[in-house]
Each structure stands twice: as structure tokens, then as C-alpha cells.
1. Do any residues in the stretch 21-46 that are over 15 Å from residue 109 (Cα atoms) have Cβ atoms under 8 Å from those of residues that are of a type in the set (Ser, Thr, Tyr), where the two are at least six apart or on different chains, and which pairs are they?
2. Every residue in the stretch 45-64 that is more than 13 Å from residue 94 (Cβ to Cβ), part of a helix (DSSP H, G or I) and of a type in the set (A, V, I, L, M), please.
3. From the set of residues in the stretch 13-42 that are assigned to a loop (DSSP other than H, G, I, E, B) and modelled with pLDDT under 95, which is nearest to residue 115 (Cα to Cα)?
4. Within the set of pairs 6+ apart or on separate chains, which have a first residue in the stretch 47-73 that is over 25 Å from residue 104 (Cα atoms), a second that is modelled with pLDDT of 95 or more and part of a loop (DSSP other than H, G, I, E, B), and C-beta atoms under 7 Å apart?
5. Residue pairs, Cβ under 7 Å, 6 or more apart or interchain, first in the stretch 144-155 and farther than 19 Å from residue 113 by Cβ, second assigned to a helix (DSSP H, G or I) and polar (S, T, N, Q). List them.
6. Would you confirm, using the coordinates I've provided, whether residue 107 is in contact with a helix residue (DSSP H, G or I) (Cβ under 8 Å, 6 or more places away or on another chain), closer than 15 Å to residue 161 by Cα and not aromatic (Phe, Trp, Tyr)?
7. Take residues that are at pLDDT below 90 and tell me which of the helices (runs of 4 or more DSSP H) falling wholly in the stretch 158-223 contain 3 or more.
Amino acid sequence: MTIWSSVWLTLQLAGITTALLLVTAMPLAWWLAVTNARIRPAVEALTAMPLVLPPTVLGFYLLILMSPGNPIGAFWVTLTGESLTFSFSGLVIASVFYSLPFAVQPLQGAFQSVGQGMMEAAATLGASRWDAFRSVALPLSRRGVLTAAVLSFAHTVGEFGVVLMVGGNIPGRTRLISIEIYSAVETLDYASAHLLSGGLLAFSFIVLTVVYVMNGRGVRAGV
């Protein structure tokens, strides 16, 4: 029962995180794709830091940031009566930060491939910037949007260090699949560890296959 509770909790976290990332990463990716601002390299570096930063380091600073002793954590306690640390809400925030590059980079690449020519053509036909983005850039970038969604979901499913630091190991509340595997190995429950690890292995292979198939079709179609 604990195993399936962890599976369901992980799927919930991955779904919510992916939805939030698509909403927040899309404007950031669009800005990075079209801007010539001098701060662009710094923003790109900050966005990509979770790719190279040890998860425990990011998790540690998020834990400090969300603790009740800091303004953000204290505000959340005042607002909800609960602490962000060792909670599902805290896991969502940590996951959004940790999976951000997996959403931003595919979206940025897709938006850059659209090119300014298409947007300028839409503008000459009287389309506003929002209309041009919604009716031209977004449809042409659908492969990048789908790739961002798939990678964000899959990456969140496999998180360990960040979520362990922020959420701990509370059954039914913060114990995700990766933490369940760790707990199973600690208690020598190798049957459960094999079951969950094999499931994640198959899931990862399927996700990557889907992404490569989509990218291959996009290249052949010239999208």
C-alpha cells in the first residue's frame, strides 16, 4: 500500500509541476529567444544551473528559503497555517526550480526556430504581438512544447536529492518513488526496490524514445 501511495504522490507532483512549468517557462523561454539584452547570458546561466548544481545544494538553499524563520516561509505559514518545508507544497516549489531547464531549453529552441520573419509577417497583417505569438509562434513550436512537457514530467518523477532535502521522508505526504526505493534498500526490501526501479527504468526509456521520435519526425517534416 505504501508503494502505490508513493507512486500516486509522485504522479501528482509531476503533473502539477509540469503544468506550472509550462505556464512559467513559456514567457521566460520566449524572452530568451527574442531578446538582445545584455543580461540574457546571466539569465540563461541561472536557468540552466540545476543541470550542473548538485541537487542537495539546491535543496539545502530551498530548505532555508522556505523555512518558517525566513520571510517567504513565514508568509506561507501566516497564509495557510502550515510550513512549506516537509510538505507537498514545498515539493512542488522545489520541483519547479529543479526541472526549470527541462522546460525552458526545449521551448527556447523551438521559439528560436520560428524566426523573426514569421512574426514580422504577422505584424504586417495587423496582428498584435500576443496574436502573432498565439497564432503563429505557438503552433509552429508545438513539438518543443510537447518535448518540454514530457521532459519536465519525467524529470520530476525521478527527483531524489532536492525533494529529500525539502520534503524529507514522510509516508503519504512527501515519500516519492525515488525515496521509496531508497527506504526499501535501507530495510533490505529488495523486491520492492526491484519493482520500483524497474518501473522507472522502463518509464525513462519510453519517455526518451518518445522524445527522439518526435524530434526525428519534426526534422523530417522541417518543423
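1. 21/99; 21/152
2. Residues satisfying the conditions are 45, 46, 48, 49, 51.
3. Filtering the stretch 13-42 for residues that are assigned to a loop (DSSP other than H, G, I, E, B) and modelled with pLDDT under 95, the one nearest to residue 115 (Cα to Cα) comes out as 35.
4. none
5. The qualifying pairs are 152/17; 152/18; 152/99; 153/18; 154/204; 155/99.
6. Judged against the criteria, residue 107 is not a match.
7. Ranges flagged: 190-221.
Matching residues to (1) surrounded by fewer than 13 Cβ atoms within 10 Å (Cβ to Cβ); (2) under 24 Å from residue 9 (Cβ atoms):
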| position | (1), (2) |
| --- | --- |
| 35 | yes, no |
| 43 | no, no |
| 51 | yes, no |
| 55 | no, yes |
| 63 | no, yes |
| 74 | no, no |
| 80 | yes, yes |
| 85 | no, yes |
| 98 | no, yes |
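The values are calculated or read from the model by the stated rules, or taken from the named source; none is laboratory data. Quick caveat: nothing in here was measured; it's all calculated off a predicted structure. Virtual Cβ from ideal backbone geometry, glycine too; neighbours counted across all protein chains shown.
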